[in-house]
1. Exactly one of these conditions fails for residue 177: (1) touching a Gly at 6+ places or on another chain (Cβ under 9 Å); (2) at pLDDT below 75. Give me its number.
2. So, in the range 91-105, exactly how many residues are buried (at least 17 other Cβ atoms within 10 Å of the Cβ) and more than 11 Å from the chain's Cα centre (by Cα)?
3. So residue 161 clears everything in (1) under 16 Å from the mean Cα position of the chain (by Cα); (2) closer than 20 Å to residue 75 by Cα except one condition, right? Which one?
4. Quick check: is even one residue across the range 42-61 under 24 Å from the mean Cα position of the chain (by Cα) and on the phi > 0 side of the Ramachandran plot?
Amino acid sequence: MNRVLLTGTRQSVIDFFYENMTQDFDFLTSSTRARDIERHIEVYSPHIVLYCMNDEDPDEKINIEKIYRRLPHDRMFFGVAGIKQQTIESADFTIQKPINVVSVRQIMAPYLNSTEAQAVITTELSVSQEKEDSQKTVAPVQTGKRKHILVIDDDPLVLKVLREHLHEKYDVAVARNGNMAYRFLDDHRTDLILIDYEMPGEKGPSVLTNIRKLKWAQNIPAVFLTGVTDTTAIMEAAKAKPQGYLLKPVDKEKLFSKIQEILGY
């Protein structure tokens, strides 16, 4: 089961997760002291650290930034729950009020790198859509098995935008670097990889080359996301034999056109 470390000052939000979502996630609670959180991370190895925020307190943002800077971002994601409308720049995702089970599942699933979690979301969205279509006396759309896409990019905003573009039609998992992608692909399969060319540390071409060393992934299709227009860099990336390139910021129509070209729909 996916592990979530809960912290923060909003006890009512923490209580919500324990009272309503223990079938979805395994929870552990920590104080807001950075040292306590670090110790819990070492012992518990959560997939997500979720800060439950009392957004009436302006000092909360300062504390959130301190915690964020000390987290091992190569191994987990950081979310903030219980806010109103403002966004927290350092968070990978935010859960706004009012909080409910369906919205929490939908928001958190892509950051769990779990096909099981994605299946839950897909099922719930399908059921909701069928109910809505039935109320409108419109025949529900029949869909086959959804294709899976893995997005690898170090920019949380890019991950968020691409997920929003893709999640209605495809199952989506995200990774911020090669290490997270390798861990995901140890236990899961994907049909297509969208990968950032210019990442800190190990760059996209190297990550893709290593992924294709996996026996099942030797011919996995991939598309580079890049702002790089340097001819030498493009030629270097071409050695990894991608199925194409998309310039950042990614145009939604071009994104879907390229995916349909590769996956067939």
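The values are calculated or read from the model by the stated rules, or taken from the named source; none is laboratory data. None of the values given here were measured: they were computed from a predicted structure. Don't worry about glycine lacking a Cβ; one is built from the backbone with ideal geometry, like all the others, and counts go over all protein chains shown.
1. Looking at each condition in turn, residue 177 falls short on (2).
2. Kept after step one, since they are buried (at least 17 other Cβ atoms within 10 Å of the Cβ), are these residues of the range 91-105: 91-95, 99, 104-105.
Retained after the next criterion (residues that are more than 11 Å from the chain's Cα centre (by Cα)): 91, 94-95, 99, 104-105.
Total satisfying the criteria: 6.
3. (2)
4. yes
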